[in-house]
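All remarks here apply to the structure that follows.
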Amino acid sequence: MLNIKEFMTMIVSAADEIIAAEVELTDIDSKFGDADHGLTMKKVMNRIKSDMGEPNDTQTFKAFLDDVSMSVMMINGGSAVPLWSTLFDGMSVGAPDKTDVDAAEFKEIFKQGYETLAELSKAKVGDKTMMDTLIPAVEAIQNAEGDIKEILEAGTKGAEAGAENSKNFVSKFGRAKSYKEQTIGTPDAGAVSMKYFFVGLNKGLQ
Amino acid sequence: MLNIKEFMTMIVSAADEIIAAEVELTDIDSKFGDADHGLTMKKVMNRIKSDMGEPNDTQTFKAFLDDVSMSVMMINGGSAVPLWSTLFDGMSVGAPDKTDVDAAEFKEIFKQGYETLAELSKAKVGDKTMMDTLIPAVEAIQNAEGDIKEILEAGTKGAEAGAENSKNFVSKFGRAKSYKEQTIGTPDAGAVSMKYFFVGLNKGLQ
Amino acid sequence: MKMKKFINDPADLTKELLQGYALAAADCIDLVAENMVVSKTLADADRVTIVAFGGTGHEPAVSGFVGDGMLDIAVAGDIFAAPNPQIVFEAVKLADKGHGVLLLVLNHAGDMLTGSMTMKLCQKAGLNVKKVVTQEDISNATRENGDDRRGLGGAVPLYHIAAAAAKAGKSLEEVSGLAQKYADSMATIAVAARCATHPANGAPFGDLGDEDMEIGMGQHGEGGGGRQPMKTAKETIEIMANALVKDIPLVKGDKVFVMINGSGATTLMEQFILLNDCVAYLEGLGMEVVANMAGNILTVQEQAGFQLNMAKWDDEILAYWNTPAKTFAFNK
Amino acid sequence: MKMKKFINDPADLTKELLQGYALAAADCIDLVAENMVVSKTLADADRVTIVAFGGTGHEPAVSGFVGDGMLDIAVAGDIFAAPNPQIVFEAVKLADKGHGVLLLVLNHAGDMLTGSMTMKLCQKAGLNVKKVVTQEDISNATRENGDDRRGLGGAVPLYHIAAAAAKAGKSLEEVSGLAQKYADSMATIAVAARCATHPANGAPFGDLGDEDMEIGMGQHGEGGGGRQPMKTAKETIEIMANALVKDIPLVKGDKVFVMINGSGATTLMEQFILLNDCVAYLEGLGMEVVANMAGNILTVQEQAGFQLNMAKWDDEILAYWNTPAKTFAFNK
Ligand SMILES: Nc1ncnc2c1ncn2[C@@H]1O[C@H](COP(=O)(O)OP(=O)(O)O)[C@@H](O)[C@H]1O
Ligand SMILES: Nc1ncnc2c1ncn2[C@@H]1O[C@H](COP(=O)(O)OP(=O)(O)O)[C@@H](O)[C@H]1O
Ligand SMILES: [Mg+2]
Ligand SMILES: [Mg+2]
Ligand SMILES: [Mg+2]
Ligand SMILES: [Mg+2]
């Protein structure tokens, strides 16, 4: 079982992990994009943190994730904003309207998050986007056995592998796609920030 | 005695001397000006050469110099154009309406050239302009004894000394004046092109 | 190395530039809710209205084209970043005068995502909105693969043409139909000679060295593979114009519109020379250049280079083009 | 190192740019005799007319300001070089509609010499001409030593104000009196952060290194001694605005005009931020900024930097300012 206060702590941890990676993310985006992914993700994550306040147990998972989605939605931040806002919106759809979740409910949150985002994104694994990370992460979560800790551990491994794999792909979405084959060898900025999201969630659960 | 055909040859020689110094003149102007003096002087001198055609003896000194003044006047070339056009206009005023000149007449051409230009220019020796060269050159011409060759030799020496001296002055006219004391050590672009004018005239007389 | 830009806190770039813009364009626009630029003519508009949005850092685009005969509202995002869908939705609501709203979107990942979500929000709210996407950059994809073509400066003449149709009393169907047809028919190609730096974090957009230019450059330094030594204006125009002529395609006798859109550090002097070369090139092919536009329209900070945009025009488009417009950056 | 400019033969720069400009501004001007830019409104003018001239390479100035409510004729010289006096004389003759002609000259050595010779030619021909010289650059000389002050972008608002007075039927005496008063009352200071290169020969205009800017920079890279590390927009404005306020002088309660004139590679984004900071600064001193102008007005190729111009205005000037104008680079 995981309660909402613990989950909020995990979100703070994930936000901090992404914020700490600002320079790395912007560096990647400066190669084949517009050099702002770190900046945007920092804005997004800071906004989430400041809007949610200290972790507490007054809200349900559904309500909290809906608020997070709305917080992201208020930012002017390029691709990342509608994508992340939609991810949280989907997670909210998948989340129960109560203050704790079991392993199955935890899995469902990520499943719905992915499915809702997939509709907007249209990207598949191999298209060199954040989906390269999200899809294997969510698959690993769905396939994992055991408690939430073990599930998230598996998801994080999936995310790390996915981000690493993004290096091998040719960009098909976003600003980088015009560079075609040149993008091989460099990971996708959004795939890397998504990896840090899972890494941070996982750290926050320890 | 100097006939008009010889004088025209001298003008061609002076023009070539200045054209050959294009890079040097522009370099100086790039320090404290707008990096175009060589370019402008080349335009001026090429125009004079092409308008006058091959040296011949069909024109008087007065008419030829008036034509040269008009040729220069047709160019869009910044400060150099009105200054050089006026110099030649003054020389025309001082020149006799015949096809040869003696030493006294030769002196008078330069005297009038200088005086007419002085009115427009307003610059004195020490103001770091072409006048730094022209004034000592014309003074040397006025004070020189002997034939035209000796007179022009003296004028050229005066011009060379004047251009050299311009290094020691603080700019008072033109674009360079805003640099004030910084201009010490660098000659004035217009003083150097004026030097080459006399050097070229002198060569053309050999 | 310090950034050689006159700015204050990088986090405040958009806020401050919009405030300054509101002072500079006080006779044309009002700044609403921090990043909504609203035409003074909207209050009395009784027609289809037009909303666009986009990242900042491309000035004068997009906000500079709000006013009479152009956009009714432009929503500014942040530097190179689309605004959030919520505020675009609110702009559409504010713009709607009962005749419906045309939402014009440039094909970039962030803008497209914001556009999609905005449309969803509008549909939920029952608003009458049509979305038209410009996708004209020929450097990355063939005409059939329009989704892979970026939206570049060609959106700007479209702002005026669509607004003129709206002003003429056309319905939303008609205005959006015209806009879609126009968006589908035009083409753009860009070249860069020196890259810019991101004003918020000083990150460079690439490095073209001392000798090279790159044809096919995107709006934020995204390359296109056409790196080559600098050429003369005439040679560059020939390469680029030829590619556009083939793509559209344009043939002898066609009436053509040409736009030279300076990226930032390419002088108006050069742009005039390029325009002159381009018109001569097209006339040499037996075409008639019936209208043109030159200037810094949709810029990429201090990038040196330009976009060349062309479209085949007919008398209807030309008539719309020749109607008055009064905005900060475009007047007719 | 190749010059990163899109040009053809450097010897043809002026000819080609003017041809391109004539295409871009075909609704406002005609190009006469290769380098005379003539307003379409001149044919029917029955009033005092206004002629200006100047080197090219500063686009849109001077030619971009020819048209209704601005200049009647602008004579272009060559890159950074004044035109010859003969053609300026011919322009004055062409402009004269029987009410006399105002000749506006910026204080630069070449322009001043051409101005003087033009006046001589006009006087010989019995033309009714008055010459007004703008000399506003405060960086090199005190107000008493006006002859040592360069003419910068402040001439451009004056074009419109003088033209408005002419259009209002004022006599040459009155128009030139107003113009002289305006020229004497305004002030400008410039800053550069990156220098340009001469487009005809590729010669650099100086080098400000990686960290510095220079306050007091002239229009062609002529320095002014104020080299210092880059500062924020606010700090830069404070230094420059303070100097202008003292020079003019401006005091609490004054009505003030402010212009941010981008030199070339300084973005409109920055110019808006600077305008915002400047207006805030002046309002903080209790002044009222009654009008402003921002944009690339009188440029120095791809130089990064800007000129800040201010003037104390009264209701008469403001009324003239608010009359219509239609030119390539300025509309009202
Ligand atoms: N359609 C899409 N689906 C999934 N991810 C996308 C899509 N488009 C862009 N992205 C992601 O967005 C990232 C870039 O984000 P960011 O730099 O913040 O936005 P922008 O490109 O607007 O500057 C890319 O690295 C990619 O992972
Ligand atoms: N009033 C003046 N009297 C004499 N010479 C002058 C005057 N003003 C400028 N000059 C000369 O003009 C030269 C610059 O010429 P040039 O570079 O061709 O013109 P511009 O300054 O218009 O670019 C200066 O070096 C100086 O010698
Ligand atoms: Mg990005
Ligand atoms: Mg010079
Ligand atoms: Mg972005
Ligand atoms: Mg010059």
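Here, each number is a calculation from the coordinates, and none is a lab measurement. Treat the numbers as computed from the prediction; the structure is a model and nothing was measured. Methodologically, a virtual Cβ is constructed for each residue, glycine included, from the backbone with ideal geometry; neighbour enumeration extends over all protein chains shown.
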State the Cα centre-to-centre distance between the stretch D:282-332 and the stretch A:14-88 in whole Å. 41 Å
When only alpha-carbon atoms are used, what values of Rg and Dmax, in angstrom, describe chain C? 18.8, 55
Consider a paramagnetic label point 7 Å from the Cα of A:ASP147 along Cα→Cβ; state which residues of the stretch A:47-83 have an amide N under 18 Å from it. none
Any idea what diffusion coefficient the stretch B:116-159 gets from Stokes-Einstein, in µm²/s, Kirkwood Rh on alpha carbon pairs, 37 °C, 0.692 mPa s? 306 µm²/s
So what's Rg/Rh here for the stretch C:240-308, counting alpha carbon atoms and using the Kirkwood radius for Rh? 1.00
For the stretch A:28-37, 3J(HN,Hα) per residue [Karplus equation, 6.51 cos²θ - 1.76 cosθ + 1.60, θ = phi - 60°, Hz, x = Gly/Pro]: 4, 5, 6, 6, 10, x, 10, 6, 9, 4
Starting from the Cα coordinates of the stretch D:186-321, work out the convex hull volume and express it per residue in Å³. 99 Å³
What net charge do the residues around B:LEU152 carry, taking every other residue with its C-beta under 12 Å from that of B:LEU152, with Lys and Arg at +1 and Asp and Glu at -1? 0
Position D:ALA125, label points 7 Å along Cα→Cβ, spacing to each other copy in nm (shortest first, one decimal): 6.4
If each of D:ARG227 and B:LYS157 carries a label point 7 Å out from its Cα toward its Cβ, how far apart are those two points in nm? 4.0 nm
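Using 0.36 nm per residue of separation minus the Cα-Cα distance, give me the extension gain between A:ASP51 and A:VAL170 in nm, one decimal.
39.2 nm
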Can you list the residues of the stretch D:45-65 with backbone N under 19 Å from a point 7 Å past the Cα of D:GLU173, pointing along Cα to Cβ? D:47-49
Looking at the stretch C:13-185, I'd like the Rg to Rh ratio, where Rg is from alpha-carbon atoms and Rh is Kirkwood's inverse mean 1/r. 0.94
Taking chain B as the reference, fit the longest principal axis to its C-alpha atoms, fit the long axis of helix B:148-165 to the helix C-alpha atoms, and give the angle between the two in degrees, 0 to 90, nearest 10. 10 degrees
Averaged across the residues of C:293-299, what count of C-beta atoms belonging to other chains lies within 10 Å of each residue's C-beta? 3
Using a 10 Å cut-off on Cβ to Cβ distances, tally the other chain neighbours for every residue of C:57-63 and report the average as a whole number. 3
Likely footprinting exposure, B:LYS149, D:LYS170, fewest C-beta neighbours within 10 Å first: B:LYS149, D:LYS170
Which ³J(HN,Hα) values, rounded to whole Hz and listed in residue order, are derived for the stretch D:292-301 from phi using the Karplus coefficients 6.51, -1.76 and 1.60 in 6.51 cos²θ - 1.76 cosθ + 1.60 with θ = phi - 60°, glycine and proline given as x? 8, 8, 9, x, 7, 10, 10, 9, 10, 6
Dividing the helical contributions, -39500 (n - 2.57) per DSSP H run of n ≥ 4, by the residues of chain D yields a 222 nm value, nearest 500 deg cm²/dmol, of -10000 deg cm²/dmol
For C:ALA43, which inter-copy label distances result when the label point lies 7 Å beyond Cα on the Cα-to-Cβ vector, reported in nm to one decimal and in ascending order? 4.0
Could you state the number of Å between the C-alpha centres of the stretch C:228-266 and the stretch B:118-143? 53 Å
Return the distance in nm (one decimal) between the two label points of a simple spin-label model at A:ALA63 and D:GLU235, each offset 7 Å from Cα along Cα→Cβ. 4.9 nm
Going by how many other beta carbons lie within 10 Å of each one, how would you line up D:MET310, C:MET36, C:MET230, fewest first? C:MET230, C:MET36, D:MET310
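Once you have the alpha carbon radius of gyration of the protein assembly as shown, what is it after dividing by 2.2 N^0.38 Å, with N set to its residue count?
1.05
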Give me the angle, in degrees from 0 to 90, between the Cα long axis of helix B:189-205 and the longest principal axis of the Cα atoms of chain B, rounded to the nearest 10. 30 degrees
Order these by the 10 Å Cβ neighbour count, fewest first: C:CYS195, C:CYS278. C:CYS195, C:CYS278
Hz values of 3J(HN,Hα) by residue in the stretch D:33-48 - Karplus curve (6.51, -1.76, 1.60), Gly and Pro given as x: 6, 6, 9, 10, 9, 10, 5, 4, 7, 5, 3, 9, 6, 10, 6, 4
In a GNM of chain C with a 10 Å cut-off on Cα contacts, which of C:LEU102, C:LEU274, C:LEU17 has the highest mean-square fluctuation? C:LEU17
With the cut-off at 24 Å, tell me which of the pairs B:LYS42/B:LYS128; B:LYS167/C:LYS2; C:LYS97/C:LYS170; B:LYS195/D:LYS120; A:LYS122/A:LYS177 have Cα atoms farther apart than that. B:LYS167/C:LYS2; B:LYS195/D:LYS120
Paired Rg and Dmax values of the stretch B:1-143, which use every Cα atom, in angstrom: 14.8, 44
Applying 1/(1 + (r/R0)^6) with R0 = 56 Å to the Cβ-Cβ distance of D:ASP44 and A:LYS98, what FRET efficiency is obtained, to the nearest 0.05? 0.10
Other-copy label distances relative to C:ALA11, 7 angstrom Cα-Cβ extension, nm: 5.9
In terms of modelled amide H atoms, which long-range or inter-chain residues lie less than 5 Å from the amide H of C:MET230? C:ASP212, C:MET213
